[in-house]
Amino acid sequence: MIKEARFYYWGPLLFKTKLDKGDVEALKKLCNEAQLKKIDARKDLVGVIKEELNINKKKYTAITQPYLDAYLVSYKNWYGEKIKQIETGPVWVNFMKKGEFNPPHAHINCDLSSVLYLNIPPGLKKEAQQFKGKGGGPGAINFLICGPQDLFNHYYTFKPEVGDFFIFPWSLTHFVGPFQSSGTRTSIAANFKIKA
């Protein structure tokens with residue numbers, strides 16, 4: 001008779017939460033401000049996206065702070081260590097349109113990366129539902145920790161919804177495939193430093 005069985009958390013903490021509607025609207029307003037200022041973020045990014053713009057990190061942090069605090073609790077539970085805070089680094093908005101994509105990449109000069117979603121066009125939702133192939137399909141975000149191995153979970157994919165907010169280690173490879181429907185898939189990415 002088996003007296004005890006355990007399984008172990010392994011690999012990176014991939015944190016996901018959901019923004020409330022008021023915070024989504026506040027961040028949309030921040031992105032509209034970015035469109036007026038047009039501060040191009042592409043020189044530091046790998047995305048094949050025509051409109052990637054820096055946004056105000058102080059305002060972004062003020063809106064997202066409750067979710068960052070929730071991440072700190074998850075960090076302690078996952079890694080068994082407490083950190084005091086995370087400091088916001090560069091923050092930018094991606095206005096992804098038909099045919100654009102983000103190739104597999106990781107972020108540098110930070111400890112953590114993140115992405116949150118403000119708009120998923122109805123046509124993209126329909127296109128994603130009709131996708132018949134393997135993987136996440138059009139507009140999905142995909143996370144990889146290594147190549148395929150037997151009996152090893154190495155890959156997670158999500159069809160994002162408005163308000164989804166992911167935080168993950170800088171080195172966790174991620175990518176987004178292109179889509180063919182009209183409309184703009186709007187996401188905000190931010191990098192963070194851990195303050196022990």
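The values are calculated or read from the model by the stated rules, or taken from the named source; none is laboratory data. Computed from a prediction, not measured in an experiment: that's the story for all the values here. Glycine gets a Cβ as well: all are built from the backbone with ideal geometry, and neighbour counts include every protein chain shown. The accessibility values were calculated without ligands, DNA or RNA, using every heavy atom of the protein model including side chains. Shrake-Rupley method; radii C 1.70, N 1.55, O 1.52, S 1.80 Å.
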Please indicate, with yes or no, whether at least one residue in the stretch 50-73 is farther than 15 Å from residue 188 by Cα and assigned to a strand (DSSP E or B).
no
Meets criteria (open to solvent by less than 80 Å² (accessible area, probe 1.4 Å), modelled with pLDDT of 95 or more and assigned to a helix (DSSP H, G or I)) for residue 128:
no
Every listed condition ((1) modelled with pLDDT of 95 or more; (2) under 21 Å from residue 160 (Cα atoms); (3) among the small types (Gly, Ala, Ser); (4) part of a helix (DSSP H, G or I)) holds for residue 113 save (4)
Of all residues in the stretch 33-48 being buried (at least 17 other Cβ atoms within 10 Å of the Cβ) and under 16 Å from the mean Cα position of the chain (by Cα), which is nearest to residue 190 (Cα to Cα)?
45
Complete set of residues in the stretch 181-196 that are more than 11 Å from the chain's Cα centre (by Cα) and under 24 Å from residue 53 (Cβ atoms):
181, 182, 183, 184, 185, 186, 192, 193
Name the one entry in 5, 62 that is open to solvent by less than 100 Å² (accessible area, probe 1.4 Å), at pLDDT below 95 and more than 20 Å from residue 161 (Cα to Cα).
5
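Quick grid of which residues meet (1) free of Cβ contacts under 8 Å to residues at least 24 places away in the same chain; (2) under 20 Å from residue 183 (Cα atoms):
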position	(1), (2)
43	yes, no
57	no, no
61	no, no
65	yes, no
77	yes, no
87	no, no
107	no, no
121	no, yes
Considering the stretch 138-156 alone, what residues qualify as being crowded, with 16+ Cβ neighbours inside 10 Å and either at positive phi or among the β-branched types (Val, Ile, Thr) (or both)?
139, 141, 145
I'd like to check something: does the stretch 1-23 contain any residue that is assigned to a helix (DSSP H, G or I) and either in contact with an Asp or Glu (Cβ under 7 Å, 6 or more places away or on another chain) or within 20 Å of residue 168 (Cα to Cα) (or both)?
no
What are the residues in the stretch 84-105 that are in a loop (DSSP other than H, G, I, E, B) and surrounded by fewer than 15 Cβ atoms within 10 Å (Cβ to Cβ), if any?
84, 99
Can residue 30 be described as farther than 27 Å from residue 154 by Cα, over 17 Å from the mean Cα position of the chain (by Cα) and modelled with pLDDT of 95 or more?
yes
So, in the stretch 74-83, of the ones that are assigned to a helix (DSSP H, G or I) and of a type outside the set (Ser, Thr, Tyr), which residue ends up surrounded by the most Cβ atoms within 10 Å (Cβ to Cβ)?
78
Does residue 135 fit the bill of being among the small types (Gly, Ala, Ser), open to solvent by 30 Å² or more (accessible area, probe 1.4 Å), closer than 19 Å to residue 173 by Cβ and assigned to a loop (DSSP other than H, G, I, E, B)?
yes
Of all residues in the stretch 119-160, which are small (Gly, Ala, Ser) and under 18 Å from residue 16 (Cβ atoms)?
128, 136, 139, 140
May I ask you to list the residues in the stretch 158-184 that are crowded, with 16+ Cβ neighbours inside 10 Å, among the charged types (D, E, K, R) and assigned to a loop (DSSP other than H, G, I, E, B)?
159
